[in-house]
């Protein structure tokens, strides 16, 4: 029975590798556009920094676990390589300010964050306890990643627009979660299985929302979108590496203020000035 379970786990892990391989390659059209323009303005590096960190975590977990971890090592090793290439290309074409912010993020998360976790688990824990600590770290990180689409789902419901939630993306992320869920379940590795349960559930919800709102007439939000909601659009694409456009040369608070100015300009110059200032202050407090 054990051999049968291991064989099935290998099949699901192999399928998970294939799907994850395609997922890692999905940002290539975006980077081709960056290469053609010789400019990375309008894109964010956060999804790739997070994806690299995730791959590094799972490689460490797989090496500590040892047995039945080859498929985890292969796909996440590829993930580390491809995400490093993406980030190197992004840094090469990014503006000075964007390059500096990306380097700071890499140092904070992938160097000091990962290094601190690595050293603490190596020297402060041993054997099964070490594996358990690393497993919980991986589980918590994956849960935060899979929960990120909640912001996008809320946006879809409010605007009745599926612009930020393409069906193909949701479908392959759901399929990927299913493969890794069964891989973890068959190996009784719940650090892998549990977070992918959430990935499957949220993926199904996203596809249902897409089917509901795909032909609906989009509704524009009357009030400015909060900064937290704008940032929520970025994390979801971590698994596919899709980057969300933004303008690095404009402050988001100013953009919100400009929106109010445009709406209120017909009511007179004095009202426009006051509302503009008020909105800028409110955004600064977010």
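The values are calculated or read from the model by the stated rules, or taken from the named source; none is laboratory data. Keep in mind the model is a prediction, meaning the values are calculated, not measured. Cβ atoms come from the backbone with ideal geometry, glycine included; neighbour counts cover every protein chain shown.
Side notes on the structure shown:
- Segments classed as helices (runs of 4 or more DSSP H), wholly inside region 1-68, with at least 3 members that are in contact with a helix residue (DSSP H, G or I) (Cβ under 6 Å, 6 or more places away or on another chain), in contact (Cβ under 8 Å) with a residue 24 or more places away in the chain and over 23 Å from residue 109 (Cβ atoms): 2-25
- Residues satisfying the criterion are present in region 36-43 (criterion: out of contact with any strand residue (DSSP E or B) (no Cβ under 6 Å at 6 or more places or on another chain), buried (at least 19 other Cβ atoms within 10 Å of the Cβ) and at pLDDT below 85).
- For region 159-196, residues that are more than 20 Å from residue 21 (Cβ to Cβ) and surrounded by fewer than 18 Cβ atoms within 10 Å (Cβ to Cβ) total 8.
- Sole residue being modelled with pLDDT of 90 or more, within 21 Å of residue 40 (Cβ to Cβ) and either outside any helix (DSSP H, G or I) or in contact with a helix residue (DSSP H, G or I) (Cβ under 7 Å, 6 or more places away or on another chain) (or both), chosen from 110, 97: 110
- Scanning region 148-169 for residues that are out of contact with any helix residue (DSSP H, G or I) (no Cβ under 7 Å at 6 or more places or on another chain), part of a helix (DSSP H, G or I) and under 25 Å from residue 53 (Cβ atoms) gives 150, 169.
- Look at region 136-162: where a residue is in contact (Cβ under 8 Å) with a residue 24 or more places away in the chain and at positive phi and a partner is surrounded by 16 or more Cβ atoms within 10 Å (Cβ to Cβ) and not in a loop (DSSP other than H, G, I, E, B), sitting 6+ places away or on another chain with Cβ atoms under 7 Å, you get 160/213.
- Filtered by the rule that a residue be surrounded by 14 or more Cβ atoms within 10 Å (Cβ to Cβ) and either in a helix (DSSP H, G or I) or touching a strand residue (DSSP E or B) at 6+ places or on another chain (Cβ under 9 Å) (or both), region 115-131 gives 117, 118, 121, 130, 131.
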